[in-house]
Amino acid sequence: MSDETHEETTLVERARGGDDDAYGALVKRYSRDAVRVATAITGSVGDAEDAAQTAFVKAYLALDRFRAGAPVRPWLMRIVANEAKNSRRSSQRRERLAERSHERYCVIAPSAEEGAIAGVTTTELLRAVARLDHRDRSVIAFRFFAEMSEAETALALDCATGTVKSRLSRAMARLRAELDADLPAAGGAR
Amino acid sequence: MTVHSPIDPLESALADLASRVDITDVDAFTAATMVKVRRGRDDARRRRTFSVVRGSNARQVLAVAAAILLVVTAVLAVPRSRDAIADLLGIDGLRIRSGDVPATSSPGSSAVTSSSTFSPTGSSTVSSTTGPTVSGAAPFDAAAVGRDLALGSEVSLATARATLPALRELDSAYGPPDAMYRSDRPAGLVSFVWRARQGLAGSPTAPTVGLVVQQYPGSGDVSYFLKTLSPGSRAREVTVEGKKGYWVDGAPHSIAYVDARNAFVEDTVRWASNALVWAANGVTHRIESSLTQDEAVALVALLK
């Protein structure tokens, strides 16, 4: 067990025992990853903020089912991805009803190279990712947005490590197809 | 940690986008999340309790509960056995003491028996460290103003001063507070409550309460309270007594404090009025009322 895993196992044990500071430390450590993964799944930082926070609540309530000694991040990110997937359904119904007023902490900073990378804007890229199915979105979210290793991604996806690469390859191909369908004239850049 | 060395433009674009998704204030986000975690935990506990009762023979459960209540009531009637029964039952937060019935500045606002059928004699008092003080000496319906706001135990001014040595009193036209409370969440929290009256409208959620002034030894950083603002609440930064503070209005809101130990404590008050929150000299202050921002700021000058 690595030092980091050992430390996290200790934090989980303390959190199970009711130590809120311990769980708070885990939340703080993985909040950015959680919001990034949720943004990739939901396509919106506002929805991502809600989904990430709800996921942390659900993870807390599921601490008893966490396997001692296992790495925390893949377990957490899988819960985040599932919660983000669920929140997509409800947010799609809500989004036309009211302007969201609680995007308080999460932002997408402007890019210095907006539109220059691969010839797509942030909005176009998020929309294209959002149109993928959940399996494709998840592997892209884990690998690019949370920068998880193949081993971590395999744990989060509950698949063999060797499967991650092929799954990511297929997801990227479908993402390119989505972008090409959006902007056929600029397809050559991708 | 970077696990990719993007070589194709689309991978670069994804990596760039991911790096720009950020949290503006991770500490505040964490604190807000922990507030939701605690709520979720409390809700789950309530559901489990309900589930246990529902899954059992409800009649048997009620019969046993009634029997326990009768026994406890009988034993509590004997002063010396109160402490013992509290220990025996392991009731968290329950402290039973004798004497020192909290005084209040307003007739009819003394501590009262709440849901207990306990009817002690003499000056014995049963109090909860997290709830209102209860006493058999007062009639059931003589509720202290603000009792429903879960501000803690009702106390005398002397106890309030002992709780928070730096306590400031409001020397205003509203007179002395109609009720005073102290709480351990956050540690050292003192709340002064005034009844609603002409020129001091009640809150939609607590119509009898016109003004609440709270003080507690805080970290001095009041920005954390922003984390629990409900959608629809608005917070504007203001300067109060030369310090940064916030004026909050709009939807009902609750506040999570950072106490003197730097622990996050969620406020249990559900209030629907306007709030002025600021920290000065190691004490965080909060004025809740339906007063305007200017009127609330004017009250600050009357804190002595």
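The values are calculated or read from the model by the stated rules, or taken from the named source; none is laboratory data. Everything quoted here is computed from the prediction, not taken from an experiment. Here Cβ is always computed from backbone atoms with ideal geometry, including for glycine, and neighbour counts include all displayed protein chains.
Being surrounded by fewer than 16 Cβ atoms within 10 Å (Cβ to Cβ), of a type outside the set (A, V, I, L, M, F, W, C) and not in a strand (DSSP E or B) is the requirement here; does B:ARG168 meet it?
no
What's the number of the condition A:LYS28 fails, among (1) under 16 Å from B:ALA28 (Cβ atoms); (2) of a type outside the set (A, V, I, L, M); (3) more than 8 Å from chain B (Cβ to nearest Cβ)?
Here A:LYS28 clears every test but (3).
Name the single residue that is farthest from the other protein chains (Cβ to nearest Cβ) among those in the range A:16-25 being among the charged types (D, E, K, R) and either in contact with a helix residue (DSSP H, G or I) (Cβ under 8 Å, 6 or more places away or on another chain) or outside any loop (DSSP other than H, G, I, E, B) (or both).
The residue in question is A:ARG16.
Please find, within the range B:12-32, the residue that is modelled with the lowest pLDDT out of those that are among the acidic types (Asp, Glu) and not in a helix (DSSP H, G or I).
Looking at residues that are among the acidic types (Asp, Glu) and not in a helix (DSSP H, G or I), I get B:ASP25.
Restricting attention to the range B:28-47, which residues are among the β-branched types (Val, Ile, Thr) and within 8 Å of another protein chain (Cβ to nearest Cβ)?
Once the filter is applied, which keeps residues that are among the β-branched types (Val, Ile, Thr) and within 8 Å of another protein chain (Cβ to nearest Cβ), the range B:28-47 yields B:THR30, B:THR33, B:VAL37.
For the range A:54-72, give me each residue that is within 21 Å of A:GLU147 (Cβ to Cβ) and crowded, with 22+ Cβ neighbours inside 10 Å.
A:ALA55, A:PHE56, A:ALA59
Being more than 22 Å from the chain's Cα centre (by Cα) and without any contact (Cβ under 8 Å) to a residue 24 or more places away in the chain is the filter here; which residues of the range A:12-34 pass it?
A:ARG14, A:GLY17, A:GLY18, A:ASP19, A:ASP20, A:ASP21, A:ALA22
Can you tell me which residue within the range A:60-110, out of those that are facing chain B (nearest Cβ under 9 Å) and within 18 Å of A:VAL37 (Cβ to Cβ), is modelled with the highest pLDDT?
In this case the residue turns out to be A:TYR60.
Can you pull out every residue in the range B:173-188 that is under 21 Å from B:SER273 (Cβ atoms), crowded, with 17+ Cβ neighbours inside 10 Å and in contact (Cβ under 8 Å) with a residue 40 or more places away in the chain?
Correct list: B:PRO177, B:ASP178, B:ALA179, B:MET180, B:TYR181, B:SER183, B:ARG185, B:PRO186.
Can we say A:ALA81 is out of contact with any Leu (no Cβ under 6 Å at 6 or more places or on another chain), among the hydrophobic types (A, V, I, L, M, F, W, C) and under 24 Å from A:LEU126 (Cβ atoms)?
Spelling it out, A:ALA81 is indeed out of contact with any Leu (no Cβ under 6 Å at 6 or more places or on another chain), among the hydrophobic types (A, V, I, L, M, F, W, C) and under 24 Å from A:LEU126 (Cβ atoms).
Would you check if there is a residue in the range A:5-15 being facing another protein chain (nearest Cβ under 10 Å) and surrounded by 22 or more Cβ atoms within 10 Å (Cβ to Cβ)?
The answer is yes; a qualifying residue exists.
Cβ contacts < 9 Å: first residue within 10 Å of chain B (Cβ to nearest Cβ) and basic (Lys, Arg), restricted to the range A:35-55; second residue buried (at least 24 other Cβ atoms within 10 Å of the Cβ) and assigned to a loop (DSSP other than H, G, I, E, B), any location; separation 6+ or different chain. Result?
As it stands, the answer is A:ARG36/A:ALA146, since those pairs meet every condition given.
Which condition does A:ARG167 not pass, out of (1) in contact with a Cys (Cβ under 9 Å, 6 or more places away or on another chain); (2) outside any helix (DSSP H, G or I), if it passes all the others?
(2)
Applying the selection to the range A:134-151, what residues are more than 9 Å from chain B (Cβ to nearest Cβ) and within 14 Å of the chain's Cα centre (by Cα)?
A:HIS134, A:ARG135, A:ASP136, A:ARG137, A:SER138, A:VAL139, A:PHE142
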